[in-house]
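Notes follow once the structure below has been shown.
No value in this document is a laboratory result; all are computed from the given coordinates. Not measured: the values here are computed from a predicted model. Note that we place each Cβ from the backbone using ideal geometry, even for glycine, and neighbour counts take in every protein chain shown.
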Amino acid sequence: MNKQIEDIKAIREMMEKSSKFLSLSGLSGVLAGITAIAGAAFAYFYLLRDPSLTDYNRSQELSILFADAMAVLLISVGFGIYFSRKKARKNGQKLFSALTWRTFYNLGIPLLTGGIFSLIFLLRGDIQLVISATLIFYGLALFNVSKYTYREVQYLGLTEIVLGLIAAVFMQQGLLFWTIGFGVCHIIYGLAMYYKYDRKNE
Amino acid sequence: MINTILAKLNRAFESRIRLGIMSILSVNESADFNTMKQLLEVTDGNLASHLKALEGIEYIQSSKQFVGRKPNTTYMVTENGRRSFKEHLDALEELMK
């Protein structure tokens, strides 16, 4: 009887391990959240709170915001790769397998679409719409990829979508919703995942 | 009662490695040799012999391609294999009740 229980356990584990990308670390979520808050704070205090403090013209302002957003993105992705590689190594797995590519493909298509879409509207100077669009497309990307990784990712995705829609309604408070979505939500979600999955393995 | 259920357990799946192979192939369209080796943490020879056995009873099928000059064998579960594995899982589940 014990053999059968162990068999079922092994089957379940192998099905999950072979079909889901489980190397994503909760800590990378926390770091992404902190980076996003820092980026948003920079944008707010340096530019958006009182545009009269600086004498940039409109297109210079947009370039600074774009560079700020790119810095946040690159630093977050950098932390993500760093912590995922650490976790994969600890579990004796390779970070880049066929499964990893499938995961990134499913995350990447909605994300890239949203990125290009947002860039087009950023160039037109419509920052409010960009804020809402980044949240919505990011949420859709997470929702899509949740099939290939931790199921909980879908709840983060749904949260981002809802925040994006609210930001579209209350456009003046867009940056606040962006900070909640990319900052606060990432930190809360990252901590929850860290305590649920990562810490017990350390 | 227990004995009739035990009789439904498929002898071909007695080995943990074969269960692992069937588990991987039932949730993935296909998987190559190295991926399975890594997931199951077994030696080449050990994995190869179990794959051969499962292929012999037509539970899985293989196709060989070349990646550069290295041969790469990909495996898929057959209809027959999927059904047998499901029956085995059902029997295991019944035992747990």
Report task. Show which aspartates and glutamates lie in cross-link reach of residue B:64 when reach means a straight Cα distance below 12 angstrom and same-chain residues fewer than eight apart are skipped. Result -> B:32
**Report entry** Mean shadow area of region B:12-80, taken as a quarter of the surface of its Cα convex hull (nm²)
**Finding:** 4.5
Query raised in the report: Where Rh is the Kirkwood radius over the Cα pairs of region A:66-132, the temperature 20 °C and the viscosity 1.002 mPa s, what D in µm²/s does Stokes-Einstein return?
Result: 154
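Would you mind checking the pairs A:9/B:52; A:9/B:8; A:90/A:196; A:9/B:37; A:147/A:196 and listing those with alpha carbons more than 21 angstrom apart?
A:9/B:52
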Query raised in the report: Just how far, in whole angstrom, is region B:40-97 from region A:77-138 if you go by their alpha carbon centroids?
Result: 34
Requested in this report: Calculate how steeply helix A:26-42 sits against the longest principal axis of the alpha-carbon atoms of chain A, using the helix alpha-carbon long axis, and give the answer as 0 to 90 degrees to the nearest 10.
Outcome: 0
Report task. Pick out, in residue order, every one of the trypsin sites (Lys or Arg not before Pro) in region A:110-202 that is DSSP loop and has at most 11 other C-beta atoms within 10 Å; say none if there are none. Result -> A:124, A:151
Query raised in the report: What angle, in degrees between 0 and 90 and rounded to the nearest 10, separates the Cα long axis of helix A:127-145 from the longest principal axis of the Cα atoms of chain A?
Result: 10
Report summary line: Any chymotrypsin sites (Phe, Trp or Tyr not before Pro) in region A:58-164 that lie in a DSSP loop and have at most 14 other Cβ atoms within 10 Å would be A:96
Report summary line: With the 8 Å Cα cutoff and a minimum separation of six or more residues, region B:12-80 has a relative contact order in percent of 34
